[in-house]
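This report concerns only the one structure given below.
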Amino acid sequence: MWRIWSIVRGTGGWAAASAPVVVLSWLIVPFVLALIESAAGQSIFQARYLLVSLPAIALLLGWTLLDRRSPGGIGIARWAS
């Protein structure tokens, strides 16, 4: 969340922050819906129902690893440049 806020407050504006917001929503919404459905009715809080969020995890991980502003040893892009 802090990274999104810093993008919005920086020079990129809302257009630069829309991609991380969509990816975070893609990650969080299925998890919350499965949790609500499991609490209200049949238990669907299982890994196979949450696999829809796996591409969002890969995108967030790649975005974090390739960010040049990442702290210390996290950013792979620092080693490449």
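The values are calculated or read from the model by the stated rules, or taken from the named source; none is laboratory data. Because the structure is predicted, anything quoted here is derived from the model rather than measured. No Cβ is skipped: glycine too gets one built from the backbone with ideal geometry, and neighbour counts run over all protein chains shown.
Taken over the range 14-43, the criterion of being at pLDDT 85 or above and either in contact with a strand residue (DSSP E or B) (Cβ under 6 Å, 6 or more places away or on another chain) or of a type in the set (Val, Ile, Thr) (or both) is satisfied by Ile28, Val29, Val32, Ile36. Of everything in the range 36-69 that is in contact with a Ser or Thr (Cβ under 9 Å, 6 or more places away or on another chain) and closer than 19 Å to Ser18 by Cβ, the residue that is surrounded by the most Cβ atoms within 10 Å (Cβ to Cβ) is Ala56.
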